Amino acid sequence: MQTRVKTAAELINQRESGRMLATVMKVLEDMIAPGVSERELADAAARELKALGGQPAFKGYNGFPDVICISTNQKVVHGIPGDYVLRDGDITSLDFGVIYKGMITDHAQTFEVGNVSPQIHQLVLTTKRSLEAGIAVLRGGVRTGDIAAAVEAVINRQGYGIVRELVGHGVGHELHEGPDIPNYGRANTGVQLQAGMTIAIEPMVNLGGDGVVIESDQWTISTADGKPSAHFEHTVLITEDGAEILTEL
């Protein structure tokens, strides 16, 4: 399904979906510390979302077994929460999706656990800034290549690897709608987007090379060289002259 302009009523529900998602993410952020397990974080996400009245968008999606993706250190995305206990110096990406009255939002953040090295901190900061750069170019009539080029420019300044097999996407009625929004590309190319569409921009950035591998669980995607990776994502409403981030408080 190609993403389409959302109605006013749909946007009311999608904004509420995003508010719920951001609320849960803040709870998880406050929990993150050395000694906390991925399982504890996933259980908290399920509990908090149920209390808010939303539904998890990921659980059961193409068979995914949990409500949230947790990808720590060399894991890029789609990590299945397990018994791993976070340690000082780790980074962990929490990727969460929420359905409310049929409307979906998708959001990810990478968190530093305790004291990370300056090298890792720079990776996380750059990835976040690349997302912000992609959002900054949004307006009615923007092309997917404009977003991609803005994201890529920030990452290239640090020489990091950009994951190419995975992309941002439209979101709203389905978790993954068209068009694809890569994190590399040329301005003034690609699909033209309209005000009223909602998209998920999500740079995935590796400290080393851009290569990735699929782990034996057939879900977890990790860096091929074993170096850490960071991931940030927001669901964003395109407006005539800018954007509204739906997945932040």
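Read-outs throughout are calculated quantities, based only on the coordinates presented, and are distinct from any laboratory measurement. Since this is a predicted model, take the numbers as computed values, not measurements. Cβ placement follows ideal geometry from the backbone for every residue including glycine, while neighbour counts extend to all protein chains displayed.
A few remarks follow.
- Using all pairs of distinct alpha-carbon atoms, the Kirkwood hydrodynamic radius of the chain works out to 17.8 angstrom.
- Within the shell of other residues whose beta carbon sits under 13 angstrom from the beta carbon of N188, the net charge comes to +1, with Lys and Arg scored +1 and Asp and Glu -1.
- Between M204 and V163, the built amide H atoms are under 5 Å apart, and every one of these is 5 or more places off in sequence or on another chain.
- Neighbours of A44, meaning other residues whose beta-carbon lies under 14 angstrom from its beta-carbon, give a summed charge of -3 when Lys and Arg score +1 and Asp and Glu score -1.
- Exposure proxy order (Cβ contacts within 10 Å, fewest to most) of V24, V124, V213, V98: V213, V124, V24, V98
- Whole-Å semi-axes of segment 132-212's equivalent ellipsoid (Cα gyration tensor): 22, 14, 9
- Listed residue (N183, A150, I214) projecting farthest to the positive dipole end of segment 121-214, Cβ model: A150
- Each other residue within a Cβ distance under 13 Å of G134 adds +1 if Lys or Arg and -1 if Asp or Glu, for a net charge of -1.
- The chain: relative contact order in percent, alpha carbon pairs under 8 Å with at least 6 residues between: 24
- Tensor-based shape of segment 57-180 (alpha-carbon gyration tensor, a/c under 1.5 rounded, otherwise prolate or oblate): oblate
- In straight-distance terms, cross-link reach from K128 covers every one of the lysines whose alpha-carbon lies under 19 Å from its own, apart from those fewer than eight places away in the same chain; here that gives K26, K75, K227.
- Computed from backbone phi, the HN-Hα couplings of segment 67-81 come to 7, 9, 9, 10, 10, 9, 6, 6, 6, 8, 8, 6, x, 8, x Hz, rounded to whole numbers (Karplus: 6.51 cos²θ - 1.76 cosθ + 1.60, θ = phi - 60°; Gly and Pro given as x).
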